[in-house]
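We did not get these values from a lab; they are worked out from the coordinates using the rules stated. Because the structure is predicted, anything quoted here is derived from the model rather than measured. No Cβ is skipped: glycine too gets one built from the backbone with ideal geometry, and neighbour counts run over all protein chains shown.
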Amino acid sequence: MTDHVSIARHDNGVVLVRMNRLDKKNALTGDMYDRMRGVIENAPAEGTRAVVFAGGPGVFTSGNDIADFMARSSGGDGASPAFRFIKALATVEVPMIAAIDGLAIGVGTTMVLHMDLAYASPRAQFRMPFVDLGLVPEAASSLLLPQLAGFKKASEYLMLADGFGAREAVEMGMINAEVPEAELEAKALDAAARLAAKPPQALAHTRRLIRGGAEALRRRMDEEGVLFGQQLMSDEARKAFAAFMTRK
Ligand code: COA
């Protein structure tokens, strides 16, 4: 166990989950995924009413740790901590809110698609460079992004791998609002506190109705997962990972 994810439990049932591996721009390791999944999966048992995900100053997360990708000796992705985390995002019942300040790359962007509410600072940078890394989209982003942004924009983000900022994210409906850095976490925590104070059953029913069934998301994640696992072992991915690790 590392302390790369800190978990702060508030009296009102709100839990603040902070990614905290700043020397690596919050690149996510298996242990970090497992810790974050634990919070959302155990929410009912632990009396958690809302979860806020945050990072550090200027860094939400730079996505999956590329050294971890390289260390994988098989493409079988179904049981990886990353895959289990993103599946949990689609299936857990606890409301989730993201406060994104700065870099949000790969899963740093795709996890936001599953949040109930999201706020980002003016310096937020969203980017999904899966194809550039020889990989394919994950977290059902290949389904959710076209729904949200339209087919052409989804192609720009997932095929050209162009980045975008908070304003564009607001325009497409991926986040609720652009909020100055200094107010960002307070805004997310306030929204979480408001949700935590609502009648729980009415809120849970409403959340389920808004989101619809998770079956289509699960199916798409499985489909993506098979291709992701194959690509992870491909020459094109191995070359891209090596290029990143040796770029300096
Ligand atoms: N996996 C592993 N290590 C990562 C990482 C990642 N996703 N993102 C950053 N790091 C590490 C860097 O290797 C570097 O480590 P070092 O100091 O031991 O060399 C450290 O974090 C700082 O990153 P650096 O690249 O020096 O900072 P930067 O400000 O110049 O650039 C990024 C930041 C995020 C733009 C750049 O690191 C990057 O492109 N990372 C990869 C993002 C990515 O492709 N993620 C996977 C998506 S599927």
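Can you tell me which lysines have their Cα less than 19 Å from the Cα of LYS187? Leave out same-chain residues fewer than eight positions away.
Excluding near neighbours in sequence, the set is LYS198.
Show that you can apply the helix-only estimate: for the chain, add -39,500 (n - 2.57) for every DSSP H stretch of four or more residues, divide by all residues, and state [θ] at 222 nm to the nearest 500. It would help to have the intermediate numbers written out before the result.
Values: 12 runs with 115 residues, N = 248.
Taking each H run of at least 4 residues, the total per residue is -13500 deg cm²/dmol.
Under a straight-distance cross-link criterion of Cα-Cα below 29 Å, which lysines are reachable from LYS248, leaving out those fewer than 8 residues away in the same chain?
LYS24, LYS25, LYS239
Rounded to whole Hz and in sequence order, give me ³J(HN,Hα) for region 58-68 from the Karplus expression 6.51 cos²θ - 1.76 cosθ + 1.60, θ = phi - 60°, writing x for Gly and Pro.
Using θ = phi - 60°, the values come out as x, 9, 7, 7, 8, x, 4, 5, 5, 5, 5 Hz.
Please compute one quarter of the surface area of the Cα convex hull for region 104-156 and express it in square nanometres.
Computed as one quarter of the Cα hull surface, the answer is 3.8 nm².
Let me check I have the definition right: for the chain, take the eigenvalues of the Cα gyration tensor, multiply each by 5, take square roots. What are those semi-axes in whole Å, largest first?
Each semi-axis is √(5λ); the values are 27, 19, 19 Å.
Fewest Cβ neighbours within 10 Å first, please rank MET221, MET128 accordingly.
Neighbour counts put them in this order, fewest first: MET221, MET128.
Once phi is turned into ³J(HN,Hα) by the Karplus curve 6.51 cos²θ - 1.76 cosθ + 1.60 with θ = phi - 60°, what whole-Hz value does each residue of region 104-111 show in order, with x for glycine and proline?
Using θ = phi - 60°, the values come out as 9, 10, x, 4, x, 8, 5, 5 Hz.
How long is region 121-227 along each principal axis, judged by its Cα atoms, biggest number first, in Å?
Computed over region 121-227, the largest-to-smallest principal extents equal 44, 35, 21 Å.
Among GLY102, PHE164, ILE175, which residue has its Cα positioned farthest towards the positive end of the charge dipole of the chain, with +1 placed on the Cβ of Lys and Arg, -1 on the Cβ of Asp and Glu, and the dipole taken about the Cα centre?
Most positive-ward Cα: ILE175.
If you split all Cα-Cα distances of region 35-111 into 10 Å bins from zero, what percentages do you get per bin, shortest first?
Spelled out per bin, shortest first, that is 17, 45, 31, 7.
Give me a comma-separated list of calculated 3J(HN,Hα) values for region 166-182, in order, Karplus coefficients 6.51, -1.76, 1.60 applied at θ = phi - 60°, integers in Hz, x for any Gly or Pro.
Residue by residue, region 166-182 yields 4, 4, 5, 5, 5, 4, 7, x, 7, 10, 7, 7, 8, 10, x, 2, 5 Hz.
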